[in-house]
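First up is the structure itself, then whatever we jot down about it.
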Amino acid sequence: MKISFVIPSWHYWIDPLKHQPYWEVYYATHLKEAGFDVDLYDMRETGAESLAVAVGDIPKKDFYFYWIFKTGDAAEVYSIAQLLKKKYPDSIHAAGGTHVDMCPEECEDFFDAIVVEPGENAFGQIIKDKCKNILQKRYSPSYKTTQFKNTLVPDRSLLPYEKVVNNKIFSQYGDIPGTLTYFSRGCVYRCAYCVYNVPNELQVRTPQAIKEEIKYFKDNYGVKGILIKDEIAIHPNKKISTQTLNAIKESGVVWRGQTISIASREQLKLAKESGCLELSVGIETVDNDVMKLIDKSWQSQKKIEEFIKNCKEFDIKVKICLILGLPGEKKDIAQKTIEFLDNIKPDFISVSGFCPLPGSTIYRNPEKYGISYIDKGWDKHSHLLYRFSDEEEVGLPFEYKEETPWGKSLSRKEIKEAIIQVQTWGREQGMLY
Ligand code: SF4
């Protein structure tokens, strides 16, 4: 049995090769360890004039698997599966990932089988079931019984060397060979716009597993810097964050990652000692009323200010991630945002347009959030990806009603102008990269 995990083009990124396709490597490693003949087919650099031409080059396999982490990839992956099925009618196609968790019924129409929730055992089971002629449409293992703490180190030899390590990830900090990984998956919060809180708990790797993976990177790739892709790199539980940060500290690398603004002074001090150079913090909005509406009232302007102050004390650079176009915003949102940023003076900012991602609380309750229309063209749903630079696509696949529960809404044009205003200000301050 021959198997390929297919990595889509990641069409929304200027440089799709900067980051590693972690989840495809991770699940392919599980199949490899179980004795299957698996490889990765990477569509991020085909350079083909059309998707059909690119798919035409994919060699014949018995199984094609996909991990649709971002809804922005869904439409392309559906097309790849359909084109391959036409080309190789006996091939079996199965997909998992956050988008599949959120839209299982729709995904069942495009694949022979889907995996809802984790894929550690499910992809192997699909192969075995197909061989016994008992393939099911839906495989639903549970995160409750599939933990991440002692999981396998993803086998990066499935990728060419230059797709594992590069000096772009830490380009702000000199010539550091860097890579990325996850030390936890999931998130304990329930922000109304988010779908990346699956599982709705933080499954954290053990300190031993963290040290083992960093050693693997250092020994095999000469890695000196790690981008920790966890939703929350500094665990809200102090005991757990101490274990994780001490494991990184003992491993002797520098790192950057994203976290939340409630990390304490003590946690940030240890983060610095563990090699932290930079933290991205998804505050998303500077408006306390909007925070309440999007179920993020566990943070506040005051907490954000405190967080930045502590980071500055320990010389950790801060990147503030913002979303504009959120429910509850008024016409002065751009000005309010700029004033707040000017006051707290982060090192970097990143501005995205809001996207009501399928499966999120806002998507499921558009009325409550004053939304009149959501575009179901999934290639426009690249939440937290569109940066409104000259070279990237424009998101905002939705519209508000004119009158909303919080008063007069912003039009799509006004939201775009607000984004550009904040982007332009950030660029003038040297805060964009
Ligand atoms: S936005 Fe971040 S903190 Fe909020 S639920 Fe999603 S992953 Fe968790």
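The numbers here are math on the coordinates, done by the rules we state, and not lab data. Treat the numbers as computed from the prediction; the structure is a model and nothing was measured. With ideal geometry, Cβ positions are generated from the backbone for all residues, glycine too; neighbour counts draw on all protein chains shown.
By how many nm would the segment from residue 200 to residue 173 lengthen if fully extended, with 0.36 nm per residue of separation less the alpha-carbon distance? Don't jump to the answer; show the numbers that get you there.
Details: separation 27, 0.36 × 27 = 9.72 nm, distance 3.35 nm.
Net length gain for the segment: 6.4 nm.
Give me Rg/Rg_expected for the chain, where Rg uses Cα atoms only and Rg_expected = 2.2 N^0.38 Å with N residues. Intermediate values should be presented prior to the final figure.
Numbers: Rg = 21.6 Å, N = 433, 2.2 N^0.38 = 22.1 Å.
Expressed relative to 2.2 N^0.38 Å, the Cα Rg reads 0.98.
Once label points are set 7 Å from the Cα along Cα→Cβ at both residue 413 and residue 315, what is their separation, rounded to one decimal in nm?
5.0 nm
What are the residues whose amide H is under 5 Å from the amide H of residue 235, where those residues sit 5 or more places off or on another chain and H is modelled from the backbone?
When sequence neighbours closer than 5 places are left aside, the close amide H contacts are 241.
Positive end of the charge dipole of the chain (Lys, Arg +1 and Asp, Glu -1 on Cβ, about the Cα centre): tell me which of 253, 78, 357 has its Cα farthest that way.
Going by the charge dipole, the pick is 253.
Where does each of 194, 276, 187 land when they are ranked from fewest to most other beta-carbon atoms within 10 angstrom?
187, 194, 276
Given Cα pairs under 8 Å that are at least 6 residues apart, what percent is the relative contact order of the chain? Each step should come with its number before you reach the end.
Numbers: 826 pairs, mean separation 53.0, N = 433.
Dividing the mean separation by the residue count of the chain yields 12 percent.
Residue farthest toward the positive end of the dipole of the chain, with Cβ of Lys/Arg at +1 and Asp/Glu at -1: which of 65, 234, 3?
Value computed over the given set: 234.
How do 139, 173 line up, fewest other C-beta atoms within 10 Å first?
On the way: 139 20, 173 15.
Least to most surrounded, the residues fall as 173, 139.
Name every cysteine in the chain that ends up alone, with no second cysteine's Cβ under 4.7 Å, or say none.
So far as the 4.7 Å Cβ criterion goes, 103, 107, 131, 187, 276, 311, 321, 355 stand without a partner in the chain.
What residues qualify as long-range amide H neighbours of residue 138, i.e. H under 5 Å apart, gap of 5 or more or another chain, H built at 1.01 Å from N?
Distant-sequence amide H within range of residue 138: 114.
If I build a Gaussian network model for the chain, linking alpha-carbon pairs within less than 10 angstrom, which residue out of 19, 99, 381 has the largest mean-square fluctuation?
Looking only at 19, 99, 381, the largest GNM fluctuation is found for 19.
Once amide H atoms are placed 1.01 Å from N in the peptide plane, what residues at a sequence separation of 5 or more from residue 42, or on another chain, have their amide H within under 5 Å of its amide H?
7
Quick one: dipole size for the chain, taken about the Cα centre, charges +1 on Lys/Arg Cβ and -1 on Asp/Glu Cβ, in debye to the nearest 20.
With only Lys, Arg, Asp and Glu charged at Cβ, the dipole is about 1000 debye.
About its Cα centre, how strong a charge dipole does the range 317-365 have in debye, to the nearest 20, once Lys and Arg get +1 and Asp and Glu get -1 at the Cβ? Let's see the in-between values first.
Details: 7 positive and 5 negative charges, 26 e Å.
In total the dipole reaches around 120 debye.
For the range 314-368 and the range 188-236, compute the distance between their C-alpha centroids and round to whole Å.
Between the Cα centre of the range 314-368 and that of the range 188-236, the gap is 23 Å.
Along the charge dipole of the range 165-428, Cβ charges K/R +1 and D/E -1, which of 307, 184, 208 sits furthest on the positive end?
Result: 208, furthest along the dipole toward the positive end.
Can you give the FRET efficiency for residue 87 and residue 220, using 1/(1 + (r/R0)^6), R0 = 35 Å, r = Cβ-Cβ distance, to the nearest 0.05?
Values: r = 36 Å, r/R0 = 1.02.
For R0 = 35 Å, the calculated efficiency reads 0.45.
Run the helix sum for the chain: -39,500 (n - 2.57) per DSSP H stretch of 4+ residues, divided by residue count, reported at 222 nm to the nearest 500 deg cm²/dmol.
Numbers: 14 runs with 142 residues, N = 433.
Calculated at 222 nm, the ellipticity per residue is -9500 deg cm²/dmol.
Holding the Cα-Cα limit at 29 Å, pick out from 296/317; 60/376; 309/380; 296/331; 18/218; 32/149 the pairs that are longer than that.
Working: 296/317 23 Å; 60/376 32 Å; 309/380 36 Å; 296/331 21 Å; 18/218 19 Å; 32/149 20 Å.
Going by Cα-Cα distance, 60/376; 309/380 fall outside the 29 Å limit.
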